Amino acid sequence: MRLLAFTIVSVALTSAALAQRDSSNTTKPASHTPMLTRTDIQSVSPALDRYTQVSLLGDLWKRPDLSPRDRSIATLAALIARNQTIEMPYYFNLAIDSGVKPSEISEIITHLAFYSGWPNAMSAVAIAKEIFAQRGIRADQLPAAAPKLLPLDQAAEQQRAAAVQQNVGPVSPGLVQYTGELVFHDLWLRPDLAPRDRSLVTVSALIVSGQVAQIPFHLNKAMDNGLTKAQAAEVLTHLAFYSGWPNVFSAVPPVKGVFDGRPN
Amino acid sequence: MRLLAFTIVSVALTSAALAQRDSSNTTKPASHTPMLTRTDIQSVSPALDRYTQVSLLGDLWKRPDLSPRDRSIATLAALIARNQTIEMPYYFNLAIDSGVKPSEISEIITHLAFYSGWPNAMSAVAIAKEIFAQRGIRADQLPAAAPKLLPLDQAAEQQRAAAVQQNVGPVSPGLVQYTGELVFHDLWLRPDLAPRDRSLVTVSALIVSGQVAQIPFHLNKAMDNGLTKAQAAEVLTHLAFYSGWPNVFSAVPPVKGVFDGRPN
Amino acid sequence: MRLLAFTIVSVALTSAALAQRDSSNTTKPASHTPMLTRTDIQSVSPALDRYTQVSLLGDLWKRPDLSPRDRSIATLAALIARNQTIEMPYYFNLAIDSGVKPSEISEIITHLAFYSGWPNAMSAVAIAKEIFAQRGIRADQLPAAAPKLLPLDQAAEQQRAAAVQQNVGPVSPGLVQYTGELVFHDLWLRPDLAPRDRSLVTVSALIVSGQVAQIPFHLNKAMDNGLTKAQAAEVLTHLAFYSGWPNVFSAVPPVKGVFDGRPN
C-alpha cells in the first residue's frame, strides 16, 4: 500500500499552497497538493506518526478478515457520514486503486445522501467530481439515473413495511411513504452497488455516527446480504481507528445482540 | 422555488474559482461563486441529481403540511447544528426569500449558540455576515442586544426549574444556574423570534444531532408554543433528507411518546 | 484574558483575506488573519456579542472551580472531537498561554486520534503545526515517539481487560486486542500527559460527542486519576457553552450515577 499521506484541512496551509501555486503558475487543485507529510505529523506528534505507520498502515490495513476493498468502502462511508471532506481525495483514490469501481463510488455517495443527509453527499460530490475528472472517468462509466432495478424480496419487504407502518405510521405518514417508495423500492434496488456492499456502507455509517438504535435492523440485513460475522467484527476494529474507540464500543451491544440471534 | 444549486465544499474547487477570479479581477466572495451545478452533480451521480430534482425539490418542499418558511427554519437549524457551513449561503438566502426575517435569522444563530455550541454559531455568523452585507441589511434591522423581554410563564417555568434542580442540581450547580438565568430567563424570552419558531429551531437541532433524550421536553414545549402534530410529523419527514434517515428514525419513539401523551 | 476573537470559517472571507494578502505581498497564513471581530459578530447578532463578552468571557472562564488551564484542555478536546478546526488556532494559542505545554498539546492530539478518530487528529495536526512553527517550538520540546512508559496499574488493568474480554471478546477479537495492546498498555502510559489530564481530555470528548454509554468507565477512571467532583461538575458547565446544552444535559444521568457510586 502507498504511503497514507493525509491531506490537510487547514485553510492556512491551503492558502500557503495557493501562494506557492500562484508564484509557480501551476493550476493543480489545492486539495490534492497540500497534504500532511510524515515530517509534518512528526513536527507535532512523533508518536502519532509512529502509530500511523506501525499500527494503522503496517498492521490494521493488512489484517486478513477484511479486504482492502472492503476497508476502503467502510472508510469512505465513515468520512462521508462524518463529513470529513479533506481526507476524501486520498481515500477516493485509494478506493479506486483497491478495486472499488467509480460506478460504485457514485452509488455510495447517492446511498449516503439518504443515510447521512443531503449536505454530506453534496460535499462528497464536490470532491469526487475532481477525482473523476483527474482520472478521466467518463459519463458512460456512471450508473444511469433510473436503471432497471433489482427484483424486490417481497417477503422481507412486507415484514419491513409492516414494522415501519406500525412504529412510524402513527407519527409521520410522510416518512413512511418516502421510506417505502424512495428508499426501499428504489435506492436499495439500484443495481450498480451490490446489496452486500450497500449494507456495508449503511452499517459503517450507523456505527461512526452513533446511530446504535438502527444497527440491529441493518446488521441483520447486511448478514442476510452476505456480510459474515468475521467481516462485521473486523469492520468494528477498522472503524475504531477512523471514528474513535467510543463510537465502536457503543456499537458492540447491538452487534452482539444480532450475532447472538443468528445461527451462523 | 429557484434551482437548488448546492454550493461546493471543496477547497480544491474554491481555489480553482479563486484562480479564475484572480485572472478576471473580480472581487466576488468565493463562497457564493463556486457551487455545484446540476452538471457537476451529474458528473458524479446522475441518480443523485434525479433524486434532488424530483424528490427533494419537486416534491418534499412542496408538501402542504409545512410551509416553505418553516422548512427554511428547520433546514437552517439542521445546517448550523451539524456545522455544515458551505451550504449555508444558499439556504440563508432561500430563508430570507421564503419570509424569514433577517432579525429572525440573527436570533436563530444566537439561539443555536446555546443549543449546538458557540463554535457552530460563530461559523454561521461568518456566513450570515456576508449574506447580510450583500443584501444591504442594516444594524437597525437586527434585534437589540438586550431588548425588553417577553413575559415569563411562571407556572411552566416553576415546573422546569424544579425538574432541573432535582436532576441536575446534585451534579452541577453551575449548569443549573446558567440554564435558569441565561437560557430560560433571557434567551427564550427574547422577542424577535416567536416562541413557536424558537421551539422549531430547538427540536430540529435535537433531531439532527441525535439528542433523543432531550426531545420529550422540547417537543412538548414546541406544541405548547403552537407547533401542530401535522407540522411536527412533517419536520421529521423534511429532516430525513437533511440529516439522513437514521437520525430521524431514532427520533420517532420519543416523538411518538409525546404525541401519545397529548390530547390534540 | 485576551479578547476572544473567533476566527472565521467562511471560505469567502478567507479568500477575501487571501486577496488582501496577495495585494500586500504578506505571507502570514490565512487562518490567523481572518477572524470574527466583535464588529463582525455585532453585524449579525448584537445579542451573541453580548453573551460572548458578558457570560462566556466575563463570567464562565473566571469561575473558580476549574482553572483556565483545565478549561483550555476541555475546550481543545471539544474542538478536536467535534472537528471544528477553524477555532483551533485561537484556542491552541490560548492553551499555551494558559500553561498547557506544547508537549501536552501534542499528546492531547495523539490521544484523540484514538478517542475521536484519526481524521480528527490529523485535522488538528495541520493547525497545531502552524502554531508550533510560529511560536518556535522545536522537536526537542515534543514527546518521544516511544518513550519509557508509566508503570501499569495491574489491578485496575486486570479488571478492565476482563470486562472488555467478556463484553467485546465474543463480538470482535481484533478490537479487544488493539484496545489492550495499543490503547491501555501504550497510549495511556505515555508519560507526557498526566493521567488526570488524559482523563479530562477523554471525558470531555465523550460528553461533546454524545457518547454517554462510555462516560461511567471513563469518569470513574478520571476521578481515580484525581479529577474532583467539583471539577467534573464545572467541566459540564463549561462544555454546555462549547458543545451546546443538549449534549451536556444528556451526560448528566451517567455523571450522577458515577457521583452517587463514590464516597468522595
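A few points about this structure:
- At R0 = 35 Å, FRET efficiency that the Cβ-Cβ distance of B:Arg138 and B:Ser67 yields, to 0.05: 0.85
- Nearest 10 degrees, 0 to 90: helix B:11-24 Cα axis against chain B principal axis: 50
- Helical runs (DSSP H, four residues minimum) scored at -39500 (n - 2.57) apiece and divided by the length of chain A put the mean residue ellipticity at 222 nm at -18500 deg cm²/dmol.
- Taking the Cα centre of region A:134-241 as origin and assigning +1 to Lys and Arg Cβ atoms and -1 to Asp and Glu Cβ atoms, the resulting dipole is close to 180 debye.
- Build a GNM of chain C with springs between Cα atoms under 10 Å apart, and of C:Ser45, C:Ser67, C:Ser243 the one that fluctuates most is C:Ser45.
- In terms of its alpha-carbon gyration tensor, region A:123-264 comes out oblate; a/c meets the 1.5 threshold, while b/c is at least as large as a/b.
- Charged side chains reduced to their Cβ positions (Lys and Arg at +1, Asp and Glu at -1) give chain C a dipole of some 320 debye around its Cα centre.
- Looking down the axis that turns chain A into chain C, the chain A residue with its beta carbon nearest that axis, and the gap rounded to whole angstrom, comes out as A:Gly210, 3.
- In region B:72-149, a dipole from Cβ-located charges (positive for Lys and Arg, negative for Asp and Glu) runs towards its positive end, and of B:Trp118, B:Leu76, B:Val100 it is B:Trp118 whose Cα lies farthest in that direction.
- Per-residue average of Cβ from other chains inside 10 Å of A:83-93: 4
- Under-5 Å amide H pairs with C:Met35, H placed in peptide plane, nonlocal only: C:Ile8
- For the protein assembly as shown: rounded, prolate or oblate by the Cα gyration tensor [a/c cutoff 1.5]: rounded
- Cβ neighbours within 10 Å from other chains - mean over C:230-239: 4
- Longest stretch of chain C clear of exposed loop sites (trypsin sites (Lys or Arg not before Pro), DSSP loop, at most 14 other Cβ atoms within 10 Å, sites excluded): C:3-134.
- Using a 7 Å projection from Cα along Cα-to-Cβ, the label point at A:Pro173 is separated from the same position in the remaining copies by 5.3, 5.4 nm, smallest value first.
- Principal-axis tilt of helix C:229-243 within chain C, Cα atoms, nearest 10 degrees: 40
- Centroid-to-centroid, using Cα positions, region A:94-167 and region C:166-234 are 36 Å apart.
- Distances between copies of B:His185, taken at a point 7 Å out from Cα along the Cα→Cβ vector and listed shortest first: 5.5, 5.6 nm.
- Modelled spin labels at B:Thr39 and B:Ala194, positioned 7 Å past Cα toward Cβ, are 4.3 nm from each other.
- Projecting 7 Å from Cα along the Cα-to-Cβ direction, the label point of C:Gly226 sits 5.5, 5.5 nm from its equivalents in the other copies, listed shortest first.
- Sites C:Leu149 and A:Ser55, calculated FRET efficiency, Cβ-Cβ separation with R0 22 Å, nearest 0.05: 0.90
- The angle between the Cα long axis of helix A:245-260 and the longest principal axis of the Cα atoms of chain A comes to about 30 degrees, rounded to the nearest 10.
- Fewest-first sequence of C:Phe259, C:Phe241, C:Phe249 by Cβ atoms within 10 Å of each Cβ: C:Phe259, C:Phe249, C:Phe241
- Inter-site label distance for B:Ala230 and B:Ala156 at 7 Å from Cα along Cβ, in nm: 2.2
- Computed label-point distance, nm, for sites C:Asn220 and B:Glu181 using a 7 Å Cα→Cβ extension: 3.6
- Packing, taken as the mean count of other beta carbons within 10 Å per residue, orders the peptides C:90-99, A:103-112 from highest to lowest as A:103-112, C:90-99.
- Positive dipole terminus of chain A, leading residue within A:Gln53, A:Ala139, A:Pro246 (C-beta point charges): A:Gln53
All of the numbers you see were taken from the coordinates with simple rules; none came from a lab. None of the values given here were measured: they were computed from a predicted structure. Here Cβ is always computed from backbone atoms with ideal geometry, including for glycine, and neighbour counts include all displayed protein chains.
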